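This report concerns only the one structure given below.
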Amino acid sequence: MTRSSLSYPFAGRHVNRMGYGAMQLAGPGVFGPPKDRATAIAVLREAVASGVNHIDTSDFYGPHVTNQIIREALHPYPDDLLIVTKVGAIRGDDGSWLSAQAPEDLRRAVHDNLRHLGRDVLDVVNLRVMGQIHEPGEGSIARQVETLAELQQKGLVRHVGLSNVTSAQVAEAQGIATIVCVQNQYNLVQRADDALVDELAAKGMAYVPFFPLGGFTPIQSSGLSAIAHRLDATPMQVALAWLLHRSPNILLIPGTSSLGHLRENLKAAEIELSAEVLAELDKVGGAG
Ligand SMILES: NC(=O)c1ccc[n+]([C@@H]2O[C@H](COP(=O)([O-])OP(=O)(O)OC[C@H]3O[C@@H](n4cnc5c(N)ncnc54)[C@H](OP(=O)(O)O)[C@@H]3O)[C@@H](O)[C@H]2O)c1
């Protein structure tokens, strides 16, 4: 892809559309410490050295572990690095994911992120609405967005985003605060947000798919593998290249705990997909 199509305005700057999601740096089940902390640190440093300037995290990864590793690896942070975090959940002692959306929960979460990342202000805070775990559900989010807007006015949060939300919730939130991004589940085979991607692109708002590779069990498709083989690429590279081609407002945050996978994923930005291949991929993904 051309250099100009590989960046997008987000939260007051231009970010590289190929970012990095840090969730895989915690232990199994995103709970506890990683098996190999030194590699986790090396992955983060190599990502930034390779031009990644958008890292996605949360204090509920670990919990705390991912933010602490980001701080150890990258603090003092480069000026152009955008760290996006999310609030709205906490972890049970058994690793369960519990909704924590009351004003005092959100305030505590913002302070936890500030402390563990070692920052005075958070670049972007996404309100993670719990909905049906990985799918949004309708319902007002006004109270939560008002709380984040208060934290923004206090200077603790620069920009507010949303995660796991519907179009109606985006509209409601925009009546309360400026919303800079939406982070929902979306990838080649999970296309429920097709209309929302286009709606946000028309507004110039970033759309950041979570599970861009399919999540904990990455996408497995014989059709995708055949196309990747023909292009002399890997299936994961083609899945990422498809997202980059899908819409200019899509910013990628593929997650990996492996240096080899990081290098492979970053190279996806160099892959050009023809109109014919894009049509084939649409069929693989069950659309078009
Ligand atoms: N807002 C939300 O609710 C939410 C939910 C989930 C995730 N997120 C964010 O989105 C980011 C991305 O999601 P994700 O990390 O869960 O899922 P993902 O990026 O779709 O996939 C990660 C999985 O793919 C594997 N993988 C990565 N690169 C690979 C490659 N080149 N070849 C084969 N396997 C590969 C990883 O294993 P290895 O470690 O072995 O590479 C891991 O198991 C997260 O890191 C997190 O920051 C947000």
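Label-to-label distance for ARG13 and SER258 is 3.0 nm, based on points extended 7 Å past Cα in the beta-carbon direction. Across all Cα pairs in segment 15-284, the calculated P(r) in 5 Å bins from zero up to the longest distance comes to 1, 6, 13, 17, 20, 17, 14, 7, 3, 1, 0 percent per bin.
Dividing the summed helix terms, -39500 (n - 2.57) for each DSSP H run of n ≥ 4, by the number of residues in the chain produces a 222 nm estimate of -11000 deg cm²/dmol to the nearest 500. Residues ILE133, ILE41, ILE69, ranked from the fewest to the most other C-beta atoms within 10 Å, line up as ILE133, ILE41, ILE69.
Pairs of Cα atoms nearer than 8 Å and 6+ residues apart set the relative contact order; for segment 183-288 it is 33 percent.
Comparing mean-square fluctuations of PRO103, PRO76, PRO136 from a GNM of the chain with C-alpha springs under 10 Å, the top value falls on PRO76. Note on segment 1-57 and segment 144-178: Cα centroid distance 23 Å, given to the nearest whole angstrom. Remark: relative contact order (segment 15-284) = 18 percent; criterion is Cα-Cα distance under 8 angstrom and separation of 6 or more residues. Electrostatic bookkeeping for ALA149 treats Lys and Arg as +1 and Asp and Glu as -1; over the other residues with beta carbon under 14 Å from its beta carbon, the sum is +1. Ranking of ASP105, ASP194, ASP59 by neighbouring Cβ atoms within 10 Å, starting from the fewest: ASP194, ASP105, ASP59.
Read-outs throughout are calculated quantities, based only on the coordinates presented, and are distinct from any laboratory measurement. All of these numbers come straight from a predicted model, not from anything done at the bench. Using ideal geometry, Cβ is built from the backbone for each residue, glycine included, and neighbour counts are taken over all protein chains shown.
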